[in-house]
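Just below is one structure, and these are the notes that go with it.
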Amino acid sequence: MATNGCEGRLKMIAELTTNAEQIQDEVLGEILSRNAGTEYLRGYLHGQTEKQLFKKNVPIVTYEDLKPYIDRIANGETSDILLAEPITGFFLSSGTSGGQPKLMPVTAEVANKWELFRGLYESPAMKHFGDINQAGKRLELMFARPEIETPSGLKAASVSTSIYNECNFRANLPKLYTSPVETIFCPDPNQGLYCQLLFGLIQRDEVVKVGSVFASTVLRGIKFLENHWQELCYDIKTGRLSDWITDSGCRNAASLVMKPNPEQADLIETICNCKSWEGIIRKLWPKARYICCICTGIMRQYTTELEFYCRGLPLVSDLYACSEAICGMNLEPLCKPCDISYTFLPNMAYFEFLPVKNEGDGSIEMKSNNEDTELVDLVNVKAGQCYELVVTTCAGLYRYKVGDVLMVSGFYNNAPQFQFVERKNVILSVDQEKTSETDLFKAVTEAKALLDPLGFILTEYTSYVDTSSAPGHYVLFWEIKGKEGTHCKELDPKIMVECCSRMEESLHYTYKIYRKRNIIAALEIRVVKQGSFEALMDYYVSKGTSLSQYKKPSCIKSEEAMKILDSRVIGKYFSPKSPL
Ligand code: AMP
């Protein structure tokens, strides 16, 4: 099924990965020869460009270290204090939503790399599913945020917004996507989402791919559909757009294509009216070949629910990238979500890896230490070992810790493949114990298995440490849904108490010891009503996060966000006994 273009791109990937070592050296050589004279690098390299000197002298940094330079540029100083190539703008990086957005310099070369990457990362899926560009359209949920202007007049936008703004993207939009540009740029994400679903349903016989950047946005779309399908069907039947869609761009776009279509509306109504929404995506978009969205990392918690809705269709997680650098792509689009790994592309940045210690009990301890740990080059990482990602880019990041922990799962030619492990931050801690995103995920996975046979799905969770009384304890917020539309109130409270116990049993040894010694009090699960996590997402979006790049925090730190969840609690359950 592969097309010529696709074959050419796969060949390019094969060449890049085969020559990974040489390309990495070239990438670093070029970055250093261009930028050795900048104020930042001069301080460490004194104008020299040797790799060994770079490795010896240039420090490993975080955003906070570079922020003074970036702020100076944003405030009007010339960008050559940090990089030689002129800056054309900034990407707004969220990392995980909830923190302050970071400004990442963007240059013409960065834009070129993104353009090249966009051509490459879809090619493995195209090999399997055919050239979807020729076969039909993509129903992709996309949400732009308004650009911010820095005092120097440079524009800052999320990566996705910057892509939606590109001339090429806009020119191809009507041919390749079901969503008109007005719906993507609609200032009210709910109106935009309604219209994107409407356009996707009107063109349902043309849709060959359904997706969004992240799994959580696809689910947000399905949940929105659950609440609005009758209204959408009414609009399709009558050819009139609902009155609450007041955005003039959306209304104009709709007026160009909407005409009464009662047959289509009846068909959609019959599909949506069934008791179970299992496999709903395939039923609504019968020609869809696959669902595409990132479902690793913090997104893996959504895979069970997403698989339920897309039953019968492969779920493809195709890329790993961040505002700081493009990293890798998934060469095995058909692999199971738990096996997804990303092959790094050596031409995108200079990659180094800080070893992270694996604990004996399988958990990972964040002990990576800048002073006494040597960074490992891309081609020298070891299978099975975990690392923290450090990037040096053409856009002024030198030995910059992205904050992601990855595990080497294998190699493709000479380029390593990584599974995403977690964001590097200890998320829960009452005393000396440290519970990471992965620890929490494992414990939640064990506990939620109790719900499955009873016909319930844990759709969302997050956590926080409650220290309002001593000793402190872990609190989990759970949103639960019945597979057949049953209400979570019908769930036996004993099961929830059992879930608390199961979570505690599944947490790491230190947690259990502390629990036994009453240094940590009983774990609590607070069940929140349906829609609570959508309200949380709305809150973060109202604070400036792009809906396309939203990543729910694994641990709630903001008071306001806490209040949103706490005000929606419908049941509180505690672990009845210490886990040891
Ligand atoms: P942003 O800076 O807003 O673009 O967010 C980038 C971050 O999103 C990365 O540093 C990762 O933590 C996360 N991310 C991006 N792609 C993936 C992926 N394929 N799997 C897991 N997490 C990802």
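Would you please calculate the Kirkwood hydrodynamic radius of region 289-337 over all C-alpha pairs and express it in Å, rounded to one decimal?
11.4 Å is the Kirkwood radius here.
Report, in debye and to the nearest 20, how large the dipole of region 437-574 comes out about its Cα centre when Lys and Arg carry +1 and Asp and Glu carry -1 on their Cβ.
Result for region 437-574 is approximately 220 debye, rounded to the nearest 20.
Hey, can you find the accessible area per residue of the chain for me, probe 1.4 Å, expressed in square angstrom?
So the chain comes to 40 Å² accessible per residue, rounded to a whole number.
Please arrange Arg138, Arg282 by accessible surface area, largest first, computed with a 1.4 Å probe and ligands excluded.
Largest to smallest exposure gives the sequence Arg282, Arg138.
Would you mind calculating the relative contact order of the chain from Cα pairs under 8 angstrom and at least 6 residues apart, reporting the percent as a whole number?
Relative contact order for the chain comes out at 14 percent.
Just the number, please: Stokes-Einstein D of region 156-269 in µm²/s, Kirkwood Rh from C-alpha pairs, 4 °C, 1.567 mPa s.
Translational D for this selection: 88 µm²/s.
State the extension gain, in nm to one decimal, for the chain segment bounded by Val257 and Asn172, taking 0.36 nm per residue of separation less the distance between their alpha-carbons.
This chain segment gains 28.8 nm when fully extended.
Run the dipole for the chain about the Cα centre, Lys and Arg Cβ at +1, Asp and Glu Cβ at -1, nothing else charged, and hand back the magnitude in debye, nearest 20.
960
What is the distance, in nm, between label points placed 7 Å from the Cα along the Cα-to-Cβ direction at Lys494 and at Glu50?
7.3
Quick one: of Lys543/Lys572; Lys127/Lys175; Lys175/Lys275, which pairs are farther than 26 Å apart, Cα to Cα?
Lys543/Lys572; Lys175/Lys275
Among Cys292, Ala253, Ile268, which residue has its Cα positioned farthest towards the positive end of the charge dipole of region 233-317, with +1 placed on the Cβ of Lys and Arg, -1 on the Cβ of Asp and Glu, and the dipole taken about the Cα centre?
Towards the positive end, the residue furthest out is Cys292.
On the full set of protein chains, 1.4 Å probe, figure out the accessible area of Trp244 and give it in Å² to the nearest 10.
90
Helix check for the chain. Which DSSP H runs span at least 30 Å along their own axis by Cα, with a mean Kyte-Doolittle hydropathy no less than -1.0?
215-238
Regarding region 1-150, what are the three Cα extents along the principal axes, ordered largest first, in Å?
The Cα atoms of region 1-150 stretch 53, 40, 25 Å along their principal axes.
Please state the shape class of the chain: rounded when a/c is under 1.5, otherwise prolate if a/b exceeds b/c and oblate if not, all from the C-alpha gyration tensor.
oblate
May I ask you to compute the full-extension gain from Ile148 to Thr62, defined as 0.36 nm times their residue separation minus their alpha-carbon distance, rounded to one decimal in nm?
Result for the pair: 28.7 nm of gain on full extension.
Give me the percent of accessible area attributable to carbon and sulfur for the chain, probe 1.4 angstrom.
50
With a Förster radius of 60 Å, plug the Cβ-Cβ distance of Asp266 and Glu559 into 1/(1 + (r/R0)^6) and report the FRET value to the nearest 0.05.
0.80
Determine the order of Lys275, Lys137 by accessible area, beginning with the largest, at a probe radius of 1.4 Å.
Lys275, Lys137
Ranked from the most accessible area to the least, with a 1.4 Å probe and all protein chains present, what is the order of His228, His46, His128?
His46, His128, His228
For an R0 of 60 angstrom, estimate the FRET efficiency from the Cβ-Cβ distance between Asn190 and Arg34 and round to the nearest 0.05.
The formula returns an efficiency of 0.85 here.
Efficiency by 1/(1 + (r/R0)^6): what FRET value for Asn413 and Lys516, r their Cβ-Cβ distance, R0 = 56 Å, to the nearest 0.05?
Using R0 = 56 Å, I get an efficiency of 0.65.
Can you give me the solvent accessible area of Ser242 with a 1.4 Å probe, rounded to the nearest 10 Å²?
Here the accessible area works out near 10 Å².
Which distance in nm do the two modelled labels at Arg118 and Lys382 give, with both placed 7 Å along the Cα-to-Cβ direction?
4.1
Taking Cα pairs under 8 Å and at least six residues apart, what relative contact order does region 437-574 come out at, in percent?
About 29 percent, as a whole number.
Would you tell me the accessible area of Arg526, worked out with a 1.4 angstrom probe on the heavy atoms of the protein chains, in Å² to the nearest 10?
10
How far, in nm, would the chain grow between Ala135 and Phe574 when pulled straight, counting 0.36 nm per residue and subtracting the alpha carbon separation?
Result for the pair: 152.8 nm of gain on full extension.
Quick one: grab Rg to one decimal and Dmax as a whole number for region 437-574, Cα atoms only, in Å.
15.0, 44
The values are calculated or read from the model by the stated rules, or taken from the named source; none is laboratory data. As the structure is a computational prediction, the values presented were derived from the model and not from experiment. As a convention, Cβ positions derive from the backbone with ideal geometry for all residues, glycine included, and neighbour counts pool all protein chains shown. Surface areas here come from the heavy atoms of the whole protein model, side chains and all, with no ligands, DNA or RNA. Shrake-Rupley method; radii C 1.70, N 1.55, O 1.52, S 1.80 Å.
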